[in-house]
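Worksheet for the structure shown next.
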Amino acid sequence: ERLLGATLDALHAAAAAAGHDYDVTVVDDASTDATAAIAARHGARVLPVDLRHIAAVRNAGAAAATGDYFVFVDADTLVNAPVVIAALRALDEGAVGGGARVKWEGRLPWWGRVAQWSVLFWMRLAGLAAGCFFFARREAFFAAGGFEERVYASEELFLSRALKRHGKFVILPHT
């Protein structure tokens, strides 16, 4: 609730700069706060669900989407025009999906910086996308089986690997 408005504003600005038609769906997983109202005020279609499982929630959003390209963004993730433009360019050039580098804002304790660097280094080395910004072609997403619902976390890592079996999967150098 606290960060969703800024996330949606950033997403709209990035999509407008990219010059593509788009729509935004916020999948509201039984929230008890003002998430749905904030999403609607910021021009998003709200899809109410009661699933309590991130992979299932993401898959519900994909099932409701109508576009040929999907971009999944967490409610606390600020995307910018360069990363959205690069993602769309990668899809236009034949990639089946991908992600971008992640940059946390604010101060982290030393151990948080070490953990962040380590996790992101290994993810980048393995060519795995973080769930906070994940993009895919519609047909490839469904051919790969969507986000893995048999796991409670790391569903984006499983989908990264599955999409690689369907074509080129990219990790953008943008944050």
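The values are calculated or read from the model by the stated rules, or taken from the named source; none is laboratory data. Nothing here was measured: the structure is a model prediction, and the numbers come from that model. Here the Cβ positions follow ideal geometry from the backbone for every residue, glycine too, while neighbour counts run over all protein chains shown. Note: areas computed on protein heavy atoms with side chains; ligands, DNA, RNA excluded. Shrake-Rupley method; radii C 1.70, N 1.55, O 1.52, S 1.80 Å.
Worth pointing out:
- Volume of the Cα convex hull of the chain, divided per residue and given in Å³: 117
- The simple Förster model, with R0 at 35 Å and r as the Cβ-Cβ distance, assigns Ala6 and Glu93 a FRET efficiency of 0.70.
- J(HN,Hα) series, region 57-64, from Karplus relation 6.51 cos²θ - 1.76 cosθ + 1.60, nearest Hz, glycine and proline x: 5, 5, 5, 5, x, 5, 5, 7
- Rounded to the nearest 500, the helix-only mean residue ellipticity at 222 nm of the chain stands at -13500 deg cm²/dmol, with each DSSP H run of n ≥ 4 adding -39,500 (n - 2.57).
- Counting only protein heavy atoms and a probe of 1.4 Å, the accessible surface of region 54-160 is 59% carbon and sulfur.
- Temperature 20 °C, viscosity 1.002 mPa s: under these conditions the Stokes-Einstein estimate for region 38-98, based on its Kirkwood radius over C-alpha pairs, is 159 µm² per second.
- Inter-label distance for Ala81 and Arg165, nm, one decimal - labels placed 7 Å from Cα along Cα-to-Cβ: 4.0
- Site-free segments of the chain were taken between chymotrypsin sites (Phe, Trp or Tyr not before Pro) in DSSP loops having at most 16 other Cβ atoms within 10 Å, sites themselves excluded; the longest one is 23-103.
- When region 1-80 is reduced to its Cα atoms, the Kirkwood hydrodynamic radius in Å: 12.9
- A convex hull fitted around the alpha carbon atoms of region 67-135 yields 93 Å³ per residue.
- With R₀ set to 45 Å, the beta-carbon distance separating Trp111 from Leu51 gives a calculated FRET efficiency near 0.85.
- Of all DSSP beta bridges in the chain, antiparallel share, percent nearest 5: 45
- Once exposed loop GluC sites (Glu not before Pro) are cut out (DSSP; at most 13 other Cβ, 10 Å), longest piece of the chain: 1-92
- 13 Å reach of a label modelled at Arg124, 7 Å along Cα-to-Cβ, counting backbone N of region 159-175: 171-175
- For region 1-91, trypsin sites (Lys or Arg not before Pro) meeting the loop criterion (DSSP other than H, G, I, E, B) and having at most 13 other Cβ atoms within 10 Å: Arg2, Arg52.
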